[in-house]
Structure formats: C-alpha cells, structure tokens
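The values are calculated or read from the model by the stated rules, or taken from the named source; none is laboratory data. The shown structure was predicted, so the numbers you read here are calculated from the model rather than taken from an experiment. When we count neighbours, we look across all protein chains shown, and the Cβ atoms used for this are built from the backbone with ideal geometry, even at glycine.
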Amino acid sequence: MVLLLVTAVVVGACGKKTPPVTKVPVPPRPPATATPGPPPPAPERVDESLPVPPQPLSADAIGTRSLDDLNRDSPLRPVFFPLDSWELDTEGRAVASTNGELLKRYPTWMVTIEGHCDERGTAEYNLALGERRAIAVRTYLVSLGIPAERIRTVSYGKEFPFDPGHTDAAWEKNRRAHFVITAK
C-alpha cells in the first residue's frame, strides 16, 4: 500500500507543468451613452476641372522627347468605339492607321494598348470588352505590318475613365483603346 502511494506521488510530481500565463491589460471600455451623437456629415462632392488634352506633337519634335514627355503629349491618338462594341469602324481604322504609320517611322518604340470601357456594365463584362478592344487594335496594327512583339495589350475595363462624368458625352470618351509608349 505504501509502495502504491509513493508511486502515485512520484507520477503526479513528474507531470507536465504548464507555463505561467501572462495577463495582457485590457483597455477600459468607454462609458455607454444613452443617446448617440449626430452622424457625421456626408462627404461633399468636389468637381475638379479636367485638363484639356494637348495637341499632338510635330514629327520633328517627337524623336527628341523623353518617354514621359511623349506619353504626356502623346502623338498616338486613342481609338474610340461604339457602345458594347470592339469592332473598328471607319474612323477607328483611320486613327489606328495613322498610329501605325508613326510606329513604322519609329521602329524601336514598344507600345501597350490599354482597353477601356464606360462605367456601365459589370466589372467582369467591362474587363472582357476592354481586352477585346485592345486586341482588335493590335490585330489591325499587325495587319498593317507592325511586328506583334512590339505591341502589348492590357484591359482596365471601367477602372480608369478619361472623363469621370455620367453623361453620354463622357461615356463616349471612355470607350477607347489608349496607346502608351513603353520603350523608345
């Protein structure tokens, strides 16, 4: 019996010891008020004036400009699209052809064509439509003889509107394929 008692005491003493728990002080709760204060005022809309896009550069001034200056005052014009369309119309082909001639004149330029949409439609729909628009312009430029490896495409959908307005005129400006010169 004594042996059993000694064994129980030894086994109990050899058990795992739990580390001490440090208590983190809890910040006091703010006193409850019977009636909450008035809600904060709604944010006010700030209408900012949009900068006027610059005129395209002359051909002799283009070759000497830095990449940032070229993109700020881009000689490459955007191609605009009708609502829910990625097909190039007559005017779109004319603009893309003009851009293609400029790309032929500067064969070291690399460009990214950004596909954009207006704010209507879901994000997924607009991303897909923007991609189709960028690819349509790229395909047309390749058919004009511009090497495909000089042209990248990306879709931004409705994320970066040129005109943040909510009118037909603003939406027309946002349905576009925008050119960015990425290397010269």
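Reported count of residues in segment 66-116, each being of a type in the set (F, W, Y) and either under 21 Å from the mean Cα position of the chain (by Cα) or under 12 Å from Y140 (Cα atoms) (or both), is 3.
A search for C-beta distances below 7 Å between a residue of segment 127-144 that is within 15 Å of F80 (Cα to Cα) and any residue that is surrounded by fewer than 18 Cβ atoms within 10 Å (Cβ to Cβ), counting only pairs 6+ apart in sequence or on different chains, returns G130/Y156; A134/V154; A136/E87; Y140/R93. Evaluate the following for T108: is it of a type in the set (S, T, N, Q), surrounded by fewer than 19 Cβ atoms within 10 Å (Cβ to Cβ) and at pLDDT below 95? Taking the combined requirement at face value, the residue satisfies it.
Screening segment 145-159 for residues that are surrounded by 12 or more Cβ atoms within 10 Å (Cβ to Cβ) and not basic (K, R) and picking the one that is farthest from L103 (Cα to Cα) gives E159.
Of the residues making up segment 160-179, not one is surrounded by fewer than 21 Cβ atoms within 10 Å (Cβ to Cβ) and modelled with pLDDT of 95 or more. Restricting attention to segment 50-82, the residues that are modelled with pLDDT of 85 or more, under 25 Å from L129 (Cα atoms), out of contact with any Pro (no Cβ under 9 Å at 6 or more places or on another chain) and surrounded by 12 or more Cβ atoms within 10 Å (Cβ to Cβ) add up to 5.
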